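The values are calculated or read from the model by the stated rules, or taken from the named source; none is laboratory data. Since we're looking at a predicted model, the values are computed, not measured. As a convention, Cβ positions derive from the backbone with ideal geometry for all residues, glycine included, and neighbour counts pool all protein chains shown.
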Amino acid sequence: MNIGYFLGPAGSGKSHATAALYDWMNRVELDVITVNLDPAVIRLPYAPAIDIRQYVDYEDIVDRFELGPNGAIIAAMDQVALNIDEVIEELKNYGADYVLVDLPGQMEAFAFRGSGPLIISSLAQDNIAAGAFLIDPILCNTASSFISILLFGVSISYRLHTGMAFVISKGDLLKENRLIRMQEWVENPEFLMEDLRLEKNILNADLSQRIAQLVIENEHLSEFPVISSETHQNIDLAFAEFQRIWNSEDMFS
Ligand SMILES: Nc1nc2c(ncn2[C@@H]2O[C@H](COP(=O)(O)OP(=O)(O)O)[C@@H](O)[C@H]2O)c(=O)[nH]1
Ligand SMILES: [Mg+2]
């Protein structure tokens, strides 16, 4: 099985991208199913074949342990990890070629705790897995905020030991001039450095430059397609990014 999941901060568009990519893959007649691994989600924009809410009762965790939203999602993700073998068993019964896994909105509570790496490594065990980190344009209006998001993405990828591509989400909300500047940042880090220098409050220009080089000049991270789950613009490019990582993971397995 080829497994793909979208990563990114809460609200970056993971669930909607899962829905849009699922629709597109169905349309081109690929054998694909979706899995929801977010125990706290109330409404999903797609109908998952497997839904973790049938295994983990988020509301019950909140009530029973008297937890707030952060504590509850951490406790719930531990329960997801405890149930992951059953989910994988269910996945095997479907026998689909492709699986899109929708991860929890609160990425930090997932990735940096024990449960995230355990869930991802269990999924990747007999399968080929790939991540696509969604960059919400609203969160990177400035060069320094763009670098912060890229660092968060690299940190998540490092933590989850997963091959990952960067994808810009919500392309329909991205103004033409902002898009052009972001593309310039990615294609030529000199432009990024130029904008960093114009931001008066950056802490350390030298450090910023080295981070920009580390993240952007890594060729595996350099595609940056712009997708929209709203208009379905470039959803095929998100698939191409997954495919690129699946192929490279396959070479090393
Ligand atoms: N305009 C627009 N809104 C989007 C897009 N993708 C997601 N959204 C909106 O962004 C919000 C968060 O999306 P969601 O998929 O739930 O994010 P998640 O927390 O990462 O799973 C929702 O209100 C979506 O309607 C997009 O491509 N275009
Ligand atoms: Mg979601």
Restricting attention to region 1-39, and to residues there that are aromatic (Phe, Trp, Tyr) and more than 10 Å from ligand 1 (Cβ to nearest atom), which single residue is surrounded by the fewest Cβ atoms within 10 Å (Cβ to Cβ)?
Trp24
Across region 145-185, which residue is nearest to Ser248 (Cα to Cα) among those that are in a helix (DSSP H, G or I) and touching a Leu at 6+ places or on another chain (Cβ under 6 Å)?
Ile156
Go through (1) within 16 Å of ligand 1 (Cβ to nearest atom); (2) within 22 Å of Phe133 (Cα to Cα) for Arg53 and report which single condition fails.
(2)
Going through region 39-56 one residue at a time, which ones are in contact with an Asp or Glu (Cβ under 9 Å, 6 or more places away or on another chain) and either closer than 14 Å to Tyr98 by Cβ or more than 10 Å from ligand 2 (Cβ to nearest atom) (or both)?
Pro39, Tyr46, Pro48, Ala49, Ile50, Ile52, Arg53, Tyr55
Restricting attention to region 117-139, the residues that are within 23 Å of Arg244 (Cα to Cα) and assigned to a helix (DSSP H, G or I) number exactly 7
Got a number for residues in region 40-50 being farther than 16 Å from Gln79 by Cβ and more than 11 Å from ligand 1 (Cβ to nearest atom)?
3
Being outside any loop (DSSP other than H, G, I, E, B) and touching a residue at least 24 places away in the same chain (Cβ under 8 Å) is the filter; apply it to region 45-68 and report the residue that is surrounded by the fewest Cβ atoms within 10 Å (Cβ to Cβ).
Ile50
Identify the residue in region 164-181 that is of a type in the set (A, V, I, L, M) and either farther than 15 Å from Asp136 by Cα or out of contact with any helix residue (DSSP H, G or I) (no Cβ under 7 Å at 6 or more places or on another chain) (or both) and, among all such residues, is nearest to ligand 1 (Cβ to nearest atom).
Leu179
Only one of these is touching a residue at least 60 places away in the same chain (Cβ under 8 Å), over 27 Å from Asp23 (Cβ atoms) and hydrophobic (A, V, I, L, M, F, W, C): Leu100, Leu118, Leu151. Name it.
Leu151
Check Ile119, Ile42 and return the single one that is surrounded by 17 or more Cβ atoms within 10 Å (Cβ to Cβ) and on the phi < 0 side of the Ramachandran plot.
Ile119
In region 10-38, the residues that are within 11 Å of ligand 2 (Cβ to nearest atom) and not in a strand (DSSP E or B):
Ala10, Gly11, Ser12, Gly13, Lys14, Ser15, His16, Ala17, Thr18, Ala19, Leu37, Asp38
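For every residue, the table says whether it meets (1) of a type outside the set (S, T, N, Q); (2) at pLDDT below 90.
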position: Lys170; (1), (2): yes, no
position: Asn177; (1), (2): no, no
position: Asn201; (1), (2): no, yes
position: Leu207; (1), (2): yes, yes
position: Ser222; (1), (2): no, yes
position: Ser228; (1), (2): no, no
position: Asp250; (1), (2): yes, yes
